[in-house]
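In what follows, a single structure is set out as structure tokens and then discussed.
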Amino acid sequence: MTLKVYTSLLLLFLVNSVWTRTVRQVYDELDPEHWSHYTSECPRECFCPPSFPNALYCDNKGLKEIPVIPARIWYLYLQNNLIETVSEKPFVNATHLRWINLNKNKITNSGIESGVLSKLKRLLYLFLEDNELEEVPAPLPVGLEQLRLARNKISRIPEGVFSNLENLTMLDLHHNSLLDSALQSDTFQGLNNLMQLNIAKNSLKKMPSSIPANTLQLFLDNNSIEVIPENYFSTIPKVTFLRLNYNKLSDDGIPPNGFNVSSILDLQLSHNQLTKIPPFNAHLEHLHLDHNRIKSVNGTQICPVSIAIAEDYGLYGNTPRLRYLRLDGNEIQPPIPLDIMICFRLLQAVVI
């Protein structure tokens, strides 16, 4: 199970670089005779590298408008400009676009022409971070795999905006203005293959409902969440990495077995209001509890199995898998209790 999870995550984070490198290798072998043709098509404001003719670099040029995109372009870089509008005209011939980076511009929802994004049928990656969007743009290309909308002003998610995005694996909405009311029970409906959901740095007070069942990574840092509902993680049985740092969780806000979930390998609860370590599963490998209000640690109490059983296990037995434990910023005084080491035989680092 763990191997499958790590394999999926590796694909999620490395697909960009692997794919781009493969394309580069192919086009590095092009005949130089064709280079002049590619150069003549290149918008004068941009750069078209001869060794990578499917890419168009228009970043950091002070552009206020998107230039006309040649038909051959797959990768379009428009970040760090002054672009306010996204209209259909520049994309008329750009039917092969896979990747658009529009980060750090001045794009608003009213500046996006109706339907212009959904007409980019082959688009897989859309980056619109650091703009002035107030809601998730719609409609979106149905084949999209990554949608990055961090650091905007988004407070609204239109109904059904994600319903047809079955291929989406990453949705990044962190550092926006989302309230609990913006996340309805059907908001994420249709995201059947979502692997990473980032809603950190918003204004949530509750855990979002109806997270897609295949989600592996759930990031909710820097909100105001106080309570984990009973059996919350039963509907997302594959969640592996869970981040709840910088929230308002207290002991009373966590059910007795709230985090006793076998799929969770990395649990981050730093900068909350906990006075004790919540129960966790023997499969957990990394636990971050720094900067809470914990005064002491009892290895016998927090061990996922009984200490007596833990002592009998050899190094390769069915021992708890915790490898990293962070407890600094609490009120705990060293040394580390011996029963911690007896229980967690695989522990490699304790920060206290």
Counted residues, the range 91-147 - those being open to solvent by less than 30 Å² (accessible area, probe 1.4 Å) and on the phi > 0 side of the Ramachandran plot: 1
Unmet criterion (only one of (1) at pLDDT below 95; (2) part of a loop (DSSP other than H, G, I, E, B)) for N81: (1)
Residue under evaluation D59, criteria (1) farther than 27 Å from L191 by Cα; (2) in contact with a Phe, Trp or Tyr (Cβ under 6 Å, 6 or more places away or on another chain); (3) buried (at least 19 other Cβ atoms within 10 Å of the Cβ), criterion not met: (3)
Members of the range 148-158 found to be closer than 17 Å to P208 by Cβ, open to solvent by 40 Å² or more (accessible area, probe 1.4 Å) and either touching a Ser or Thr at 6+ places or on another chain (Cβ under 8 Å) or among the β-branched types (V, I, T) (or both), listed by number: S155
Pairs where the first residue, in the range 76-94, is closer than 15 Å to Y57 by Cβ and the second is open to solvent by 60 Å² or more (accessible area, probe 1.4 Å) and basic (K, R), C-beta under 7 Å, 6+ apart: Q79/K104; N80/K104; N81/K61; I83/K64; I83/K106
Segments classed as strands (runs of 3 or more DSSP E), wholly inside the range 150-248, with at least 2 members that are under 26 Å from N292 (Cα atoms) and either more than 16 Å from the chain's Cα centre (by Cα) or not charged (D, E, K, R) (or both): 196-198, 217-219, 241-243
Residue list for the range 333-352, filter: within 19 Å of L269 (Cα to Cα) and surrounded by fewer than 16 Cβ atoms within 10 Å (Cβ to Cβ): A349, V351
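Determine whether the range 303-310 contains at least one residue that is in a loop (DSSP other than H, G, I, E, B) and within 20 Å of A349 (Cβ to Cβ).
Yes, some residue in the range 303-310 is in a loop (DSSP other than H, G, I, E, B) and within 20 Å of A349 (Cβ to Cβ).
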Residue match in the range 135-143 (condition: touching a residue at least 12 places away in the same chain (Cβ under 8 Å), out of contact with any helix residue (DSSP H, G or I) (no Cβ under 7 Å at 6 or more places or on another chain), of a type in the set (D, E) and not in a strand (DSSP E or B)): no
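The values are calculated or read from the model by the stated rules, or taken from the named source; none is laboratory data. Treat the numbers as computed from the prediction; the structure is a model and nothing was measured. Quick reminder, even Gly has a Cβ in these numbers, built from the backbone with ideal geometry, and neighbours come from all protein chains shown. Surface accessibility is based on the protein's heavy atoms, side chains included, excluding ligands, DNA and RNA. Shrake-Rupley method; radii C 1.70, N 1.55, O 1.52, S 1.80 Å.
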